[in-house]
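The structure appears right after this line, and notes come after that.
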Amino acid sequence: MTNHPAEKIAVRDLKVDGPFWGALKRDLLLSYRRKSDLINPLIFFLMVATLFPLGVSPDSVFLAEVAPGVVWVAALLATLLSMDSLFRSDFEDGTLEQLLLSPQPLFMVVLAKVLAHWMLTGLPLTLMAPLLGVMLFLPADGMSGLVLSLLLGTPTLSLVGAIGAALTVGLRKGGVLISLLVLPLYIPVLIFGTASIQAALTGLPVGGYMAILGAMLALGLIMAPLAISAALRISVSG
Amino acid sequence: MTNHPAEKIAVRDLKVDGPFWGALKRDLLLSYRRKSDLINPLIFFLMVATLFPLGVSPDSVFLAEVAPGVVWVAALLATLLSMDSLFRSDFEDGTLEQLLLSPQPLFMVVLAKVLAHWMLTGLPLTLMAPLLGVMLFLPADGMSGLVLSLLLGTPTLSLVGAIGAALTVGLRKGGVLISLLVLPLYIPVLIFGTASIQAALTGLPVGGYMAILGAMLALGLIMAPLAISAALRISVSG
Amino acid sequence: MSFETFAEFIDMGGHGLYVWLSYAIALVVIVLNIVNPLMQKRQIFTEQARRLRREKQAS
Amino acid sequence: MAEKKWMPRWFYQLASPRWCYQITGKLLPIFAVAALILLVGGTAWALIYAPADYQQGNSFRIIYIHVPSAILAQSCYMMMAVAGAIGLIWKMKVADMVAKACAPIGASIAILALATGAIWGKPTWGAWWVWDARLTSMLILLFLYLGVIALNSAIESEQTAAQATAVLALVGLVNIPIIKYSVDWWNTLHQPATFTLTERPAMAMEMWLPLLVMVIGFYCFFAVVMMLRLRNEIIQRERRSSWVRELISG
Amino acid sequence: MSTPRLKIENLFCERDDRILFDQLSFDVNEGEVVQIEGQNGSGKTTLLRILSGLSRHYEGDIYWQDVPIHSCAEAFRESLLYFGHQPGVKAVLTPEENLRWFAAMHPTIDLSKLDYALAKVGLTGYEDVPCHTLSAGQNRRVSLARLYMSNAPLWILDEPFTAIDKKGVAQNEALIAEHAEQGGTVLLTTHHELAMGDLIRRVNLDQLAGTS
Amino acid sequence: MSTPRLKIENLFCERDDRILFDQLSFDVNEGEVVQIEGQNGSGKTTLLRILSGLSRHYEGDIYWQDVPIHSCAEAFRESLLYFGHQPGVKAVLTPEENLRWFAAMHPTIDLSKLDYALAKVGLTGYEDVPCHTLSAGQNRRVSLARLYMSNAPLWILDEPFTAIDKKGVAQNEALIAEHAEQGGTVLLTTHHELAMGDLIRRVNLDQLAGTS
Ligand code: HEM
Ligand SMILES: Nc1ncnc2c1ncn2[C@@H]1O[C@H](COP(=O)(O)OP(=O)(O)OP(=O)(O)O)[C@@H](O)[C@H]1O
Ligand SMILES: Nc1ncnc2c1ncn2[C@@H]1O[C@H](COP(=O)(O)OP(=O)(O)OP(=O)(O)O)[C@@H](O)[C@H]1O
Ligand SMILES: [Mg+2]
Ligand SMILES: [Mg+2]
């Protein structure tokens, strides 16, 4: 096996990424490498969309009625269940330690990780939602409300979930605990999310609901990274 | 710090367990140590029961109608999601290698592990199901069908899911893949499970459904451990 | 011949969109199925040829 | 290897990737021509000459794509599972490669069946999708395919990947009849069948013959793609053997 | 001469287009300690995993007491004690519970020597604490305790001395020598300089693989 | 005399009712290599994690250039390179990608030395394979490559030589000595016999902890 280090040095891009981009790129790359990470939430989403008609009732009128709720519950569960792995593998292989020892602001790194998580769960879920809507016979009026509410709601779910993940990462087994911690915080998002779709379906204005979802997102963006950083330091020091 | 080895030898029970009991006892002990493992599926189950009325509709007539399906879908998802961890930690800390190098029949050990898994997910789910039924306003007629169908169906879910877990354990990330692999195999159980409750609700005989669920369980009990053993050897050799 | 005119043929008794869409999708699937392994073959050959050249150079 | 002594000669030969590469090289053009003729001719027949259905009119012509693809999607799975089993039991490399080549073809054909079915459903049932037994079991078949593909691509070692997918395909094979059975039952129980596929009047000969042509054409097409993929796979895996080196450098 | 315990013939293994070893042949007899040498990445672990039956990524033949290894898998496993890079210790279980499980899985592990073994590896007083609170070396000692409890004739040890302190290394070396003297067979890798002198036969993978 | 780089005063740590060290005080100056000694479980890792700021399970004071460590956390982290029991290498990423990430997180890591560092740790030719296909030693070498790229004055290394072959150990020892000569500070633990001779100052935890 021959190597051409000299050649390689010449062509290699040696730009150093900042902490935000470095973390974001790495997390996306990790998911890309594992491939299955990318389709994970989608599969889950599709699964729910398949299981539900199979298990409950294939009747189209009935399905149309429950569609908004089912899509939102599925999105919520998909996010919740993917949360546990957010910091766990980093914890186990020692990269989390390295992260905490980095002089870079933890706030940015954490935000990048959450963004990567959302891009790999919330965003595809949002983009897939219309397909799900069709499979569950959601009337066309509700589609825009569905997509918009998911777009505003799922980042909040990722942010809040990450707090739970950070708090439980040091434990031998966090899988359940995280659900318990995070679920109560998810419920307001669920309620406003489904309410907005119902409103869209009945022709009522949805602006108010979207404003509330947006406000929750803004709050989350400011507060959650602080909470996550603090939680991570505590978990690792234990 | 003083030690009294002599004393300890005297009181210690030195009976060697067989492979089946050894594996079963260890897996139960592991879950007991982690505590949260025990309540994990229950929490998930409860979560679905809470989210569903919140997200979809709190109407009691509606809920009664969907209750069998929702309970079964929840049981299925709870099992599916707990499947990934069945062999993963064993793989990572090297105990799976030791298991495969044991002269004891792998069939028995695998069966014990699946049994332990079922005792920690399927069984509590089954016992919890009546509570869920009440929360979702399931009529009393359906209760026995619900419990019986879960009792016969959830072991099959554990067995089949373990095949998926064994196939994906060697991968860096199996979490999603396993859903994709296992879901199609779960659908018959879901269909017969819900159908039997529907039959019970409408006063039809449920014997036939239970017989089929039982037959699937029997088939699974014989075939699945073989498939799991083969899959484990393949995964570890990779 | 079940069609009198070409326009009728295209229209398919009002179901033209569905019929032609189906056949178009079928065509796409067939073509992709043929093209994909052919491209793969080219890629494998160039890759392996490069590997062989490299090995020859090395030895 | 010593254990293979008792096997017949052809089995030996089949097991040799090199022989397989040569034989497929000869068969490929034959099947390619056959597929081309059958598919083009069948399509012309189907679209132009076959009579319209008295109930459904011309939308019925979708059947000439839909049914062959539905049939092919199912038999492709069988082939994959059987090849996988052979690879698993007799450690036959070529069988592994056949199984691997089957999965993407089967999945794409299953998608075709689903898509044409869905398109057909719109004019006939007024909906793109209904949770009917056949559609559901087809969807599940697609999931099975996707599972096999995903597992195969997730495992890096070729040998391990082949063995693991063979196990999965076999487990899926056991499940296919169960799925079919369960879905049929489920449908008759839940939902009064508004429309059943089987209760249509027996098909007229002039409708049936082009269908037959298309079905055979689809099988030939499958054989072509199968061989193309198989040959790639052989080259890829045997890249270090001397005959492949010659083939590539020559 | 009697038949060799373990006979390796023309072993070939390749990973990622890199040939790790080719035409590797050697015998291992009773009472021998064989150290597999080689630099990082030369294929020591790969070889030991193949010999133990864990990995099937190889061509060639391996015989256990003159029987091909795959036709006597169970008998072979009964004679084998394998210690890998991952020590196989469950973090939430205590050392004692871990060893009990090992004993349940391997009939050759003698549970009545439990306390003796724990004392020998310096874990008396730690029997009842979960292993994740133990230090890195202590964790590996839990798994090493099996060596004191095992009746298996063949030991395959992949870097058994990693993270072990000097006193522990000396003790384990003595144990290995003793096992060999009593007719046992040991295959091991380590980057430590072993003090066993001429008891050890060395198989070097660097030259085979043609690495520097 | 100038102020010591790192000043440890009256450090006390207890885990599970076992006192690991009490009244531990020592200074570390520029150009010094301090080896923390002790048998398995004596508290070496615990001490290093405390000093690096990862663990807060202690009483006592730690000063970095005369400032309490918690009031100059960021400056301290900027001067620190920490190598722990877990090397912090992502299994699905390649060595190059792993090092790029390290560089993004630590401004003191000089990415332009990437190829030099990979060559030094013997990973040329492995830049583009995922780390989980690397051997145990190669995996740790990925993380060790940081030493060749780092400008941080303080290195805290917890068993850096685990799973590394002899040639690699010698090379890394030389690197550590060189770092010290250039005014760097190294705190390390290892169960290897170091060949650096009198360059090294030893802190023994066994005596402190009162373990045998
Ligand atoms: C997504 C939707 C659909 C799917 C997945 C689907 C699937 C299938 C399958 C699996 C078969 C069986 C082929 C065989 O083994 O013989 C089949 C046959 C057939 N399908 Fe569909 N189908 C769909 C929609 C439709 C629609 C909308 C129609 C017409 C209204 C239709 C008409 C037929 C007919 C006539 C046959 C042949 C029946 C026979 O000869 O047994 N299908 N389809
Ligand atoms: N799963 C795998 N896929 C591809 N290559 C692998 C795999 N496992 C190991 N290798 C390659 O095989 C080679 C030998 O690895 P192995 O673990 O046997 O080395 P080793 O001699 O044990 O080294 P060390 O002293 O570091 O433990 C390495 O170069 C590695 O890249
Ligand atoms: N999380 C924890 N909870 C309780 N006790 C712990 C914890 N971590 C470590 N200990 C205890 O602290 C002691 C010292 O552990 P430490 O890992 O520092 O040892 P060490 O000197 O690094 O040993 P080694 O040479 O094996 O790496 C051990 O006896 C261990 O039981
Ligand atoms: Mg090794
Ligand atoms: Mg330590």
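The values are calculated or read from the model by the stated rules, or taken from the named source; none is laboratory data. These figures come from a predicted structure and were not determined experimentally. In this analysis, Cβ positions are derived from the backbone assuming ideal geometry, glycine residues included, and neighbour counts consider all displayed protein chains. The area values use the complete protein model at the heavy-atom level, side chains included, leaving out ligands, DNA and RNA. Shrake-Rupley method; radii C 1.70, N 1.55, O 1.52, S 1.80 Å.
Would you check if there is a residue in region E:154-162 being touching a strand residue (DSSP E or B) at 6+ places or on another chain (Cβ under 6 Å), more than 16 Å from ligand 2 (Cβ to nearest atom), under 19 Å from E:Phe102 (Cα atoms) and more than 11 Å from chain F (Cβ to nearest Cβ)? Checked against the condition, which is being touching a strand residue (DSSP E or B) at 6+ places or on another chain (Cβ under 6 Å), more than 16 Å from ligand 2 (Cβ to nearest atom), under 19 Å from E:Phe102 (Cα atoms) and more than 11 Å from chain F (Cβ to nearest Cβ), region E:154-162 yields at least one hit.
The residue pairs whose first member lies in region F:145-169 and is open to solvent by 20 Å² or more (accessible area, probe 1.4 Å), whose second member is hydrophobic (A, V, I, L, M, F, W, C) and within 16 Å of ligand 5 (Cβ to nearest atom), and whose beta carbons are closer than 7 Å, counting only pairs six or more residues apart or on different chains, are F:Thr162/E:Ala163. Listed conditions (1) modelled with pLDDT of 90 or more; (2) over 13 Å from the mean Cα position of the chain (by Cα); (3) of a type in the set (S, T, N, Q) are all met by F:Thr189, apart from (2).
Quick grid of which residues meet (1) closer than 16 Å to D:Lys180 by Cα; (2) aliphatic (A, V, I, L, M); (3) crowded, with 21+ Cβ neighbours inside 10 Å:
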{"position": "D:Leu72", "(1), (2), (3)": "no, yes, yes"}
{"position": "D:Met79", "(1), (2), (3)": "no, yes, no"}
{"position": "D:Gly84", "(1), (2), (3)": "no, no, yes"}
{"position": "D:Trp90", "(1), (2), (3)": "no, no, no"}
{"position": "D:Lys93", "(1), (2), (3)": "no, no, no"}
{"position": "D:Pro123", "(1), (2), (3)": "no, no, no"}
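A:Ala64 satisfies every condition listed in (1) buried (at least 19 other Cβ atoms within 10 Å of the Cβ); (2) in a helix (DSSP H, G or I) except (1).
From the set of residues in region C:36-59 that are more than 22 Å from D:Arg237 (Cβ to Cβ) and part of a helix (DSSP H, G or I), which is modelled with the highest pLDDT?
Among those that are more than 22 Å from D:Arg237 (Cβ to Cβ) and part of a helix (DSSP H, G or I), it is C:Gln57.
Among the residues making up region F:165-184, those that are more than 16 Å from ligand 4 (Cβ to nearest atom) and either in a loop (DSSP other than H, G, I, E, B) or modelled with pLDDT under 90 (or both) are F:Gln182, F:Gly183, F:Gly184. Each residue in region F:195-205 was checked for being touching a residue at least 40 places away in the same chain (Cβ under 8 Å), within 14 Å of another protein chain (Cβ to nearest Cβ) and open to solvent by 20 Å² or more (accessible area, probe 1.4 Å), and 2 pass. Quick check on E:Ala117: is it open to solvent by 10 Å² or more (accessible area, probe 1.4 Å), more than 7 Å from every other protein chain (Cβ to nearest Cβ), among the hydrophobic types (A, V, I, L, M, F, W, C) and away from ligand 5 (no atom under 16 Å from the Cβ)? No.
The sole residue among F:His192, F:His132, F:His106 that is farther than 14 Å from F:Val33 by Cα, in contact (Cβ under 8 Å) with a residue 24 or more places away in the chain and in the same structural domain as F:Arg49 (by TED's automatic domain parsing) is F:His192. The requirement of being under 28 Å from F:Val92 (Cβ atoms), outside any helix (DSSP H, G or I), over 16 Å from the mean Cα position of the chain (by Cα) and within 7 Å of another protein chain (Cβ to nearest Cβ) is fulfilled nowhere in region D:141-154; no residue meets it. For region F:42-75, enumerate the residues that are over 14 Å from the mean Cα position of the chain (by Cα) and without any contact (Cβ under 8 Å) to a residue 40 or more places away in the chain. Answer for region F:42-75, where residues must be over 14 Å from the mean Cα position of the chain (by Cα) and without any contact (Cβ under 8 Å) to a residue 40 or more places away in the chain: F:Ser55, F:Arg56, F:Val67, F:Pro68, F:Ile69, F:His70, F:Ser71, F:Cys72, F:Ala73, F:Glu74, F:Ala75.
With respect to the conditions (1) within 14 Å of chain B (Cβ to nearest Cβ); (2) hydroxyl-bearing (Ser, Thr, Tyr); (3) open to solvent by 60 Å² or more (accessible area, probe 1.4 Å), A:Ser144 falls short on a single one, namely (1). When B:Leu204 is tested against (1) at the interface with another protein chain (Cβ under 10 Å from one of its Cβ atoms); (2) free of Cβ contacts under 8 Å to residues at least 24 places away in the same chain; (3) in a helix (DSSP H, G or I), only condition (3) is not met.
Within region A:115-141, residues that are of a type in the set (Phe, Trp, Tyr) sit with their Cβ atoms under 6 Å from residues that are open to solvent by less than 30 Å² (accessible area, probe 1.4 Å), at 6+ positions apart or across chains, in these pairs: A:Trp118/A:Pro155; A:Trp118/A:Ser158; A:Phe137/A:Leu63; A:Phe137/A:Ala64.
On the given criteria, is D:Lys100 away from ligand 5 (no atom under 16 Å from the Cβ), within 14 Å of chain A (Cβ to nearest Cβ) and assigned to a helix (DSSP H, G or I)? No, not satisfied. Listed residues E:Leu80, E:Leu187; which is within 16 Å of ligand 4 (Cβ to nearest atom), within 27 Å of E:Ile200 (Cα to Cα) and touching a helix residue (DSSP H, G or I) at 6+ places or on another chain (Cβ under 9 Å)? E:Leu187 is the lone residue from the list that is within 16 Å of ligand 4 (Cβ to nearest atom), within 27 Å of E:Ile200 (Cα to Cα) and touching a helix residue (DSSP H, G or I) at 6+ places or on another chain (Cβ under 9 Å).
When each of B:Gly161, B:Gly153, B:Gly170 is tested for being open to solvent by 10 Å² or more (accessible area, probe 1.4 Å), within 14 Å of another protein chain (Cβ to nearest Cβ) and of a type outside the set (A, V, I, L, M, F, W, C), the lone residue that passes is B:Gly170.
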